[in-house]
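Here is the structure we will look at, set down as C-alpha cells.
The values are calculated or read from the model by the stated rules, or taken from the named source; none is laboratory data. Predicted model, so just to flag it, every value in this text is computed and none were measured. In this analysis, Cβ positions are derived from the backbone assuming ideal geometry, glycine residues included, and neighbour counts consider all displayed protein chains. Only protein heavy atoms, including side chains, enter the accessible area calculation; ligands, DNA and RNA are left aside. Shrake-Rupley method; radii C 1.70, N 1.55, O 1.52, S 1.80 Å.
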Amino acid sequence: MASVAANVMRFFRSSSDQAVTPPVPQKRMRRSSGMGEVSRLLNLDESLFVLDLGSTSANNINFLTAKGHKNYSEDLLRASLDPDLQIQDETGKLIVDSKKFLDENLTYPNGLFDIVLLWNLPDYMEENLVKPAIDRLWSVMKPGGLLLAFFHTRDAGPDSPCYRFHITGTDMLEMQDVRLPEKRSPRLQRVFNNRHIENLFRDFASIKFFLARDAIREVLLVR
Amino acid sequence: MDAPKTGDFAHIGKSVVIKGELSGSEDLYVDGQVDGSIEMRNNNLIVGPNGVVKASVSAKGVTVQGKVDGKINASDRVELRKSAIVNGDVVAQRIAIEDGAYFQGKVDIQREPGKAVAS
C-alpha cells in the first residue's frame, strides 16, 4: 500500500515538475534594410547619442558602445503598462494618462539624439500614447537624426508575438519574444496603414518604407 | 552567483538599512538597503539579490543582482545579472548584462587611454 502511495506521489511530482518548466522564449533572425541604413550612420567615425526604446538588450548595448556611441535604454512598452498611469475618461473607461506618462518617460533635453530605435512599439502601445510619444521623440532628436520603426502590414491578431530586437550585425536582427512581468504578453493593438504612418510622423522631414517578406513594414524617418 | 565568503567581502545583511555616505577600502557585499552614496574607489561592490541601493555608486567593479536606483560609476567593469533592476546611468570601461536584467538609463563606456575602440 505504501509503495502504491509512493508511486502516486511520484507521478504527481513528475507531472508538476513538467508543468512548472518555463517556456524558453523563441529567437529567430531577420535581415533588416532599415537597420542597414542606420548602421551606415553608426559606422561613421563619430560618437553618436542613440536611444533604444525596446526591452533591455545586452547585444544592443554592446554593439553600440563598442562603436563608441552613447547608448540610452528605456523600456517604453513596459513603462506604458504601469497600472499607476491608468485613469478614467469621462465615460468611465480606463485609459492611460498620456500627460503623466510623458512626465515620467522620454524626459531628455531637446535635440539630444542622433538615432532613435523605436522598433515595433507603436503597434503594441495604447492608442492615446502613440502620437504624444512620437511628438516627444521628434523633440528630443537632432535635426537630421534617424528614427527606425517597424509596423505590421496586416492584422495578425491580438496575440501576434511582440518581439524585442537584438542587433547582431550591420543589417541583422535577432528577434526574441517579449515577456512582461506576470508572464503577460503584449497584445497587438492595431495595424497602421501607410497613410496612418505618414500622419503619425508628419513633422519629420522624410520617410522611407521598406517592405519585408515577413509582413513587417520597416520605416526609416529623418527628423 | 552566491554570496561571497565573509572573509572576502564586508557584508551588509538583508535586514540592515543604512542612510548616508558609505565609503571604504575593502570589497563590499550589500544585501540590505542603502540610501545615500557608496564610494569604494579601488574596490568591488556586489549588490546581492535582496539588495536595494538608492545611491550614487562609485567603485572599481560593480555587480548587481538586486536593485539600484542611481548612477553607477565603475573604473573597471559593471555586471548586471539576470535579476538586476537598474534605473540610472552607468559609466564604466566594460559592461556585461545577462538576459533578463532590466536597465533604464545611459551607458557610457570610457575606454582606457590608448585602447582602440573595436569596430
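Determine which single condition A:G68 fails, assuming it passes every other condition in (1) in a loop (DSSP other than H, G, I, E, B); (2) surrounded by 14 or more Cβ atoms within 10 Å (Cβ to Cβ); (3) in contact (Cβ under 8 Å) with a residue 24 or more places away in the chain.
Of everything listed in (1) in a loop (DSSP other than H, G, I, E, B); (2) surrounded by 14 or more Cβ atoms within 10 Å (Cβ to Cβ); (3) in contact (Cβ under 8 Å) with a residue 24 or more places away in the chain, A:G68 misses just condition (3).
Among the residues that make up segment A:145-164, is at least one of them among the aromatic types (F, W, Y) and open to solvent by 30 Å² or more (accessible area, probe 1.4 Å)?
To start, the set of residues in segment A:145-164 that are among the aromatic types (F, W, Y) comprises A:150-151, A:163.
Checking the rest, the ones that are also open to solvent by 30 Å² or more (accessible area, probe 1.4 Å) come to A:163.
Yes, segment A:145-164 contains at least one residue that is among the aromatic types (F, W, Y) and open to solvent by 30 Å² or more (accessible area, probe 1.4 Å).
Inside segment A:170-221, can you point out the residues that are open to solvent by 30 Å² or more (accessible area, probe 1.4 Å), of a type in the set (A, V, I, L, M) and out of contact with any Phe, Trp or Tyr (no Cβ under 9 Å at 6 or more places or on another chain)?
A:M172, A:A205, A:L211
When the residues of segment A:53-70 are narrowed to those that are under 26 Å from A:N128 (Cβ atoms) and either touching a Phe, Trp or Tyr at 6+ places or on another chain (Cβ under 6 Å) or β-branched (V, I, T) (or both), which ends up farthest from the other protein chains (Cβ to nearest Cβ)? Quick ask: steps written out before the conclusion?
The initial filter retains those residues of segment A:53-70 that are under 26 Å from A:N128 (Cβ atoms), namely A:53-56.
Cutting the leftovers down to either touching a Phe, Trp or Tyr at 6+ places or on another chain (Cβ under 6 Å) or β-branched (V, I, T) (or both) gives us A:54, A:56.
Numbers: A:G54: 11, A:T56: 4 Å.
Applying the filter and picking the extreme gives A:G54.
Any idea which residue in segment A:71-91 is farthest from A:L41 (Cα to Cα), counting only those that are at the interface with chain B (Cβ under 8 Å from one of its Cβ atoms) and free of Cβ contacts under 8 Å to residues at least 24 places away in the same chain?
Top of the filtered list is A:D75.
Just the residues that are of a type in the set (G, A, S) and at negative phi, please, taken from segment A:43-77. Break it down stepwise before answering.
The first filter runs over segment A:43-77 and keeps only residues of a type in the set (G, A, S), leaving A:47, A:54-55, A:57-58, A:66, A:68, A:73.
Those that are of a type in the set (G, A, S) and at negative phi: A:S47, A:G54, A:S55, A:S57, A:A58, A:A66, A:S73.
What number of residues in segment A:180-223 are more than 13 Å from A:R154 (Cα to Cα), assigned to a loop (DSSP other than H, G, I, E, B) and among the aromatic types (F, W, Y)?
Final tally of qualifying residues: 2.
Can you tell me how many residues in segment A:42-62 are assigned to a helix (DSSP H, G or I) and either acidic (D, E) or open to solvent by 40 Å² or more (accessible area, probe 1.4 Å) (or both)? Please lay out each step first, then the result.
Initially, segment A:42-62 is screened for residues assigned to a helix (DSSP H, G or I), giving A:42, A:58-62.
Checking the rest, the ones that are also either acidic (D, E) or open to solvent by 40 Å² or more (accessible area, probe 1.4 Å) (or both) come to A:59, A:62.
Residues meeting the conditions: 2.
For segment A:118-136, what are the residues that are of a type in the set (A, V, I, L, M), part of a helix (DSSP H, G or I) and in contact with a Ser or Thr (Cβ under 6 Å, 6 or more places away or on another chain)?
In the first step, residues of segment A:118-136 are kept if they are of a type in the set (A, V, I, L, M); the result is A:118, A:121, A:125, A:129-130, A:133-134.
Still in the list and also part of a helix (DSSP H, G or I): A:121, A:129-130, A:133-134.
The answer is A:L129, and nothing else.
How many of the residues in segment A:88-98 are modelled with pLDDT under 90 and surrounded by 13 or more Cβ atoms within 10 Å (Cβ to Cβ)? Talk me through it step by step, then tell me what you get.
So the first thing to find is which residues in segment A:88-98 are modelled with pLDDT under 90, and the list is A:88-96.
Keeping just the survivors that are surrounded by 13 or more Cβ atoms within 10 Å (Cβ to Cβ) gives A:95-96.
Residues meeting the conditions: 2.
Among (1) assigned to a strand (DSSP E or B); (2) under 16 Å from the mean Cα position of the chain (by Cα), there is one condition A:G144 misses while meeting the rest; what is its number?
(2)
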